[in-house]
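Peer 1: Below is one structure. I have some questions about it.
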Amino acid sequence: MALTTHIPGPPSSERAAIGRHVSARLDADPRMQRLPSDAVQAYRCIDFLDAANCDWLVQVIDSNRRPSTLLTDRGLGANRTSESCDMDRHADGIRQIDRYIADSLGIPPDYGETMQGQRYAPSQHFRAHHDYFHQGESYWPRMQASGGQRTWTAMIYLNDVEEGGATWFPQAGLRVAPRKGLLLAWNNMAPDGSPNTRTLHEGMPVVEGTKYIITKWFRESPWGTRPS
């Protein structure tokens with residue numbers, strides 16, 4: 001039977017192996033703290049990125065931001081009201097941060113998509129969504145041909161926010177408030193390598209201040225190539 005848009009995808013031994021590898025890497029890193037949830041493998045690292053790099057990335061985002069978009073068949077543009085900035089992965093500074101994130105998770109850098117910056121002004125938000133690709137949607141063949149499924153997400157908050165802007169996982173009981181330099185990383189797959197529906201998460205509305213983050217998504221194979 002064909003997949004519908006409500007079925008995210010089947011188990012995968014390869015994705016399960018990636019999950020075990022990255023979790024072991026993060027568990028062995030004394031900087032990393034595993035968050036208390038049985039539903040989602042999630043970690044945080046305080047002061048992962050220093051203040052100077054955070055401030056510089058904010059400037060990059062402000063210089064290159066555009067309205068954020070959604071990859072979906074459902075036409076829900078109002079669900080994401082932030083602005084985004086695609087980073088040049090070959091640029092000096094970006095390249096080093098890119099590698100630092102990948103090395104910390106133990107994932108080859110070429111498995112990572114282009115790092116994206118996001119800016120949330122007051123009242124802007126990203127309503128509940130999954131980072132993995134739903135294999136029943138029309139975009140899936142294109143994603144499958146360009147590295148396949150997203151496995152891990154790494155997000156870094158670039159500034160403190162006066163009020164609001166938390167990242168909330170309602171089905172996992174996790175809510176993380178913005179903190180300058182803080183890394184939040186999670187596995188989008190379940191232990192069997194199938195998409196974990198309980199990774200549903202939301203960028204809650206900013207109430208006061210402006211929120212800046214960078215996000216790095218990793219694929220199951222090198223980005224831009226078809227999985228073997």
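The values are calculated or read from the model by the stated rules, or taken from the named source; none is laboratory data. Keep in mind it's a predicted model, so treat the numbers as computed, not measured. Counting neighbours? That spans all protein chains shown, and the Cβs are built from the backbone with ideal geometry, glycine included.
Every residue, every condition in (1) surrounded by fewer than 17 Cβ atoms within 10 Å (Cβ to Cβ); (2) in contact with a helix residue (DSSP H, G or I) (Cβ under 6 Å, 6 or more places away or on another chain); (3) modelled with pLDDT under 95, yes or no:
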position	(1), (2), (3)
D50	yes, no, no
V58	no, no, no
N64	yes, no, yes
G77	yes, no, yes
S82	no, no, yes
G93	yes, no, no
Q96	yes, no, no
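Peer 1: Look at region 181-198 and say how many of its residues are farther than 19 Å from E113 by Cα, within 14 Å of the chain's Cα centre (by Cα) and either β-branched (V, I, T) or not in a loop (DSSP other than H, G, I, E, B) (or both).
Peer 2: Within region 181-198, residues that are farther than 19 Å from E113 by Cα, within 14 Å of the chain's Cα centre (by Cα) and either β-branched (V, I, T) or not in a loop (DSSP other than H, G, I, E, B) (or both) number 0.
Peer 1: Filter region 110-124 down to the residues that are part of a loop (DSSP other than H, G, I, E, B) and either touching a Lys or Arg at 6+ places or on another chain (Cβ under 6 Å) or farther than 20 Å from L57 by Cα (or both) and list them by number.
Peer 2: T114, M115, S123 - these are the residues of region 110-124 that are part of a loop (DSSP other than H, G, I, E, B) and either touching a Lys or Arg at 6+ places or on another chain (Cβ under 6 Å) or farther than 20 Å from L57 by Cα (or both).
Peer 1: Picking from P141, P205, which residue would you name as being touching a residue at least 12 places away in the same chain (Cβ under 8 Å), on the phi < 0 side of the Ramachandran plot, surrounded by fewer than 23 Cβ atoms within 10 Å (Cβ to Cβ) and not polar (S, T, N, Q)?
Peer 2: Step by step, each of P141, P205 is checked, and only P205 is touching a residue at least 12 places away in the same chain (Cβ under 8 Å), on the phi < 0 side of the Ramachandran plot, surrounded by fewer than 23 Cβ atoms within 10 Å (Cβ to Cβ) and not polar (S, T, N, Q).
Peer 1: Can you say whether Q135 is modelled with pLDDT of 95 or more and either within 16 Å of T215 (Cα to Cα) or surrounded by 14 or more Cβ atoms within 10 Å (Cβ to Cβ) (or both), as far as the supplied structure shows?
Peer 2: No, not satisfied.
Peer 1: Taking the condition at positive phi and either under 17 Å from the mean Cα position of the chain (by Cα) or surrounded by 17 or more Cβ atoms within 10 Å (Cβ to Cβ) (or both), does G173 pass?
Peer 2: No: the conditions fail for G173.
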